[in-house]
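Okay, structure first, notes after.
Readers should treat all values here as calculations from the given coordinates under stated rules, not as data from a laboratory. Source: prediction; values computed, not measured.
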Amino acid sequence: MGTGLGHYIPFIAYLGFWVATLYSLFGRPLWGFYYLLPFLPYRTMRDHFLDLPLGSNVVTILVLAIIVGAILHGKRLP
């Protein structure tokens, strides 16, 4: 539609990764897993994160947060 908002979508998704990481550690780890699933097949979308701090490692950080959050809450790993 030509609104110019397409440049902000990767930044919003990047911030969503950090929100999902914190929520996975201190809230419900399964929700972080649900946030991660749509990003796994889209490498081109994750390539937009490379310019941001720790952008190349957001998927790894989120997976580790899911595992640690599940262990801390005494749940099984998703």
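Before moving on, here are some points about what is shown:
- Viscosity 1.306 mPa s, 10 °C: Kirkwood-radius Stokes-Einstein D of the chain over Cα pairs, µm²/s: 122 µm²/s
- Potential lengthening of the chain between H73 and Y8 amounts to 20.0 nm, from the contour at 0.36 nm per residue minus the alpha-carbon distance.
- Between 0 and 90°, nearest 10: helix 58-72 axis offset from the chain longest Cα axis: 20 degrees
- C-alpha long axis of helix 9-26 to longest principal axis of the chain, angle in °: 10 degrees
- Here the 3J(HN,Hα) profile of the range 34-49, calculated from phi with Karplus coefficients 6.51, -1.76 and 1.60 at θ = phi - 60°, is 5, 5, 6, 3, x, 8, 4, x, 9, 5, 5, 5, 6, 5, 6, 7 Hz, Gly and Pro shown as x.
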